[in-house]
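The values are calculated or read from the model by the stated rules, or taken from the named source; none is laboratory data. This is a predicted model, so every value here is computed, not measured. Backbone-built Cβ (ideal geometry, glycine too); neighbour counts: all protein chains shown.
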Amino acid sequence: MDNRLRAALSSVTEQQSGRGLIDAGRIETANISGETATILLAPPVAGKSDLATLQPQIEAAANAIDGIERTRVIMTEHSETPKAPKSPKAGHKHARPKTAPIQKPAKQVLVVASGKGGVGKSTVAANIAAALARDGKAVGLLDADIYGPSAPRLFGLNDVPGLRKTDDGVQPLEAHGVKIISIGFMLKPGAAVVWRGPMVSGAIKQFLADTDWGELDVLVIDMPPGTGDAQLAIAQDVPVDGAVIVSTPQDLALDDARKAIALFDQTHVPVLGIVENMSAFLCPHCGETSHIFGHGGARAEAAAIGVEFLGEIPLHLDLRKRSDEGLPAALEDGPIGDAFLRTAKAALTAAETLTKPAPEIIFD
Ligand SMILES: Nc1ncnc2c1ncn2[C@@H]1O[C@H](COP(=O)(O)OP(=O)(O)O)[C@@H](O)[C@H]1O
Ligand SMILES: [Mg+2]
């Protein structure tokens, strides 16, 4: 930790213990990148969140350091009740502290998930968001992949100043018509974060609740890979319409997709369907299609488990290139843009069908 930041943070005291924040073990990480200081604050050991009290004090102390223009303070999670001792039989009801329900941030909230990383989940999430924005919808993207945030890169927002907070909340950044919030905006590019499960879910919930999304038609959430704590917490605590599962056609990726589907089933989040990514190779030179990873695996899998097949996204060099350039390929007409828009619309239609109230049946 930067020494000047260490001194500044020691001068802020935690009300509860009367100790400086560093002695009280409240600083998870603190770093300076350019003119921005970022402080990740651990929750108080017990009692309510003291973020409202600490944030202005930390900002004042850090902003007083020469060369620091802005300070971001993030509290990773606060629990209203002390944590119950860990035991496998702790019982579902008491296993997690109750938090206030999060208001639905958009008319439709989709999570994009996969069992494992590298299948193109972030690519699909970003391009679905871009395709819908291009189609005239008010769209938000929450990059909840705390371990490997990719929205800043995918939307060309790697070197932007920090997030602004107004009375209405944290202001998302906007690119290509999509409002974006990512943990990546709060971390130094290239810095890896290792957070414990509950802290991850706390941070994600806080992002969702504190952001001033405005009036959104659709919010797309790019989930962390896997089927761990974070996924469970989001699935249970965030008002989600349904999950879009991304898989490649290979058996291995499909196995992982099955696991992700089982998790959502457990937590009663409807699975809207499967997207097959890297479905066929579209050669940029000859225009020919080849099925490098096989073909139709996801479609067959969707049929076998009775979920919808939402679409196929071709494997295409442009998609990779444009992702690295921060210009989602779905912003343009053509086979890639069309594939994403079709898939996005299929997911929204599936969500609408699922959330329509069932007709009332009256028995007399
Ligand atoms: N359909 C595709 N065609 C070409 N490259 C792709 C495609 N989908 C994903 N990629 C590339 O594969 C890599 C992993 O994709 P990413 O979306 O980051 O995966 P995940 O979020 O599942 O870890 C990235 O470099 C991305 O550009
Ligand atoms: Mg990703």
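Here SER150 clears all of (1) crowded, with 24+ Cβ neighbours inside 10 Å; (2) within 16 Å of ligand 2 (Cβ to nearest atom) except the condition numbered (1).
Conditions (1) surrounded by fewer than 24 Cβ atoms within 10 Å (Cβ to Cβ); (2) touching a Gly at 6+ places or on another chain (Cβ under 6 Å), marked per residue:
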position: THR123; (1), (2): no, no
position: ALA130; (1), (2): no, no
position: ASP135; (1), (2): yes, no
position: VAL139; (1), (2): no, no
position: PHE155; (1), (2): no, yes
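Counting only helices (runs of 4 or more DSSP H) that sit completely within the stretch 235-330, those holding 2 or more residues that are assigned by TED's automatic domain parsing to the domain that holds ALA125, in contact (Cβ under 8 Å) with a residue 60 or more places away in the chain and crowded, with 22+ Cβ neighbours inside 10 Å correspond to 251-266. Close Cβ contacts (under 6 Å, 6 or more residues apart or on different chains) running from residues in the stretch 27-41 that are without any contact (Cβ under 8 Å) to a residue 24 or more places away in the chain and surrounded by fewer than 22 Cβ atoms within 10 Å (Cβ to Cβ) to residues that are part of a strand (DSSP E or B) and of a type in the set (S, T, N, Q) are absent.
Residues of the stretch 131-151 that are β-branched (Val, Ile, Thr) and more than 16 Å from ligand 1 (Cβ to nearest atom): VAL139 alone.
Scanning the stretch 107-143 for residues that are more than 10 Å from ligand 2 (Cβ to nearest atom) and either part of a loop (DSSP other than H, G, I, E, B) or among the polar types (S, T, N, Q) (or both) yields GLN108, GLY115, LYS116, ASN127, ASP135, GLY136, LYS137, ALA138. The single condition among (1) modelled with pLDDT of 95 or more; (2) in contact with an Asp or Glu (Cβ under 8 Å, 6 or more places away or on another chain) that GLY184 does not satisfy is (1).
Out of all the residues in the stretch 193-211, is one or more at pLDDT 85 or above and either over 17 Å from LYS104 (Cα atoms) or touching an Asp or Glu at 6+ places or on another chain (Cβ under 8 Å) (or both)? Looking for residues that are at pLDDT 85 or above and either over 17 Å from LYS104 (Cα atoms) or touching an Asp or Glu at 6+ places or on another chain (Cβ under 8 Å) (or both), one finds none in the stretch 193-211, hence no.
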